[in-house]
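Down below is the structure, laid out as C-alpha cells.
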Amino acid sequence: MMSSTAEITTEEKIKEAAKAVFTRKGFASTTVRDIAAEADINLSLVNYYFRSKEKLFQLIMTETIQQLFDQIQPVVNNEETTLGEKIELLVGHYIDMILQNPDFPYFMVNEVMSGSVESPMVNNIKNIQNSIFAKQVYALKIEGRFDFEPVHVMMNMMGMIIFPFLSKNVIINSGAMNDQEFISTITERKRLIPIWMKQMLGI
C-alpha cells in the first residue's frame, strides 16, 4: 500500500529529529523518548515507524554512507584533477561528514567488522577500486614513486581520518584537550593529512 504524504512527512520528521539528537547526545545516551520529544510527536509513533532506536540509527547511518559516496564518486572519477587534488577533496568530504555525524566512525567500524555483502560500503569501495583515483595511484607505483601495494594509500588515509574520532573520548577525558580544541585539531588535520599523503606518495 502506498504511503500517504502525512506518513512520509512523519517518517522524515522522526529521522531528522533522531539525527539531531544522535549528533547532540551520541547514540548511547539517546533514548526513543528523546527522539519523540525532539520531533514533538507521540512516543508510540517512533516505535510504529522504526521499531527501535537501533533500527533508526542503522537507517540514518546507511543513508549517510550513501550520501557520502554520492559526493565521493564524482571526485574519484574526475579525469581533470590531479591525485593530490583528489586526496584534498576526499579528506575534506570525510572529515566534514564525520563532524556533522559524530557517531558515524563507530557505525563504520561495525560495518567493516561485519563484512556483510549487503553493506552499502562494499559496492562503493569496489567502485573506488575501479576509479580514476585508483588508476592514478597505481600509475605512481609503476613509475617507481613508491614500492608498496597501492591499497595502503586508502588504508592510511582512512586510518588518519577515522582513528582520532574513535579516540575522542579518551583524549578529552584524559584532559589533553576539550571539545573545542578537539574540533580545532580535527579541522587542522583537513590541511595536514593531504600533505602527509602526498609526501608518502612522492607527489
Report, to the nearest 10°, how far helix 5-25 tilts away from the longest principal axis of the Cα atoms in the chain, using its own Cα long axis and a range of 0 to 90°. 60
Treating the angle as unsigned and between 0 and 90°, give the value, to the nearest 10°, between the Cα long axis of helix 132-143 and the longest Cα principal axis of the chain. 30
Only helical DSSP H runs with n ≥ 4 go in: add -39500 (n - 2.57) per run for the chain, normalise by residue count and round the 222 nm mean residue ellipticity to 500 deg cm²/dmol. -25000 deg cm²/dmol
List the pairs from K13/K53; K135/K198; K55/K86; K141/K190; K19/K168 whose alpha-carbon separation is above 23 Å, in the order I gave them. K55/K86; K141/K190
Given R₀ = 22 Å, FRET efficiency for A37-Q66 by Cβ-Cβ distance, to 0.05? 0.20
Inter-label distance, nm, simple model (7 Å from Cα along the C-beta direction), E181/I195: 2.1
So which trypsin sites (Lys or Arg not before Pro) in the range 33-129 pass both tests, a DSSP loop state and at most 14 other Cβ atoms within 10 Å of the Cβ? R51
In square angstrom, what is the accessible area per residue of the chain with a 1.4 angstrom probe? 57
Extending each Cα 7 Å along its Cβ direction at Q73 and S29, get the distance between those two points in nm, one decimal. 3.7
Using alpha-carbon coordinates, inclination of helix 179-201 to the longest axis of the chain, degrees: 30
Please state, to two decimals, what the Cα-based radius of gyration of the chain comes to when divided by 2.2 N^0.38 Å (N = residues). 1.18
Karplus 3J(HN,Hα) series, Hz, for the range 34-45 with 6.51 cos²θ - 1.76 cosθ + 1.60 (x for Gly, Pro): 4, 5, 4, 5, 4, 7, 6, 9, 5, 4, 5, 5
Placing +1 on each Lys and Arg Cβ and -1 on each Asp and Glu Cβ in the range 72-152, then taking the dipole about the Cα centre, the residue among N78, Y138, Y94 whose Cα reaches farthest towards the positive end is Y138
Charge dipole (debye, nearest 20) of the range 44-203; +1 at Cβ of Lys and Arg, -1 at Cβ of Asp and Glu: 160
Estimated FRET transfer efficiency when R0 is 41 angstrom, pair K126-S52 (beta carbons, to 0.05): 0.85
FRET efficiency for L45 and I172, using Cβ-Cβ distance with R0 set to 41 Å, rounded to 0.05: 0.70
Carbon and sulfur atoms: what percent of the 1.4 Å accessible area of the range 41-134 do they account for? 52
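The values are calculated or read from the model by the stated rules, or taken from the named source; none is laboratory data. As the structure is a computational prediction, the values presented were derived from the model and not from experiment. As a convention, Cβ positions derive from the backbone with ideal geometry for all residues, glycine included, and neighbour counts pool all protein chains shown. When the accessible area is computed, the model is the full protein with side chains, heavy atoms only, and any ligands, DNA or RNA have been set aside. Shrake-Rupley method; radii C 1.70, N 1.55, O 1.52, S 1.80 Å.
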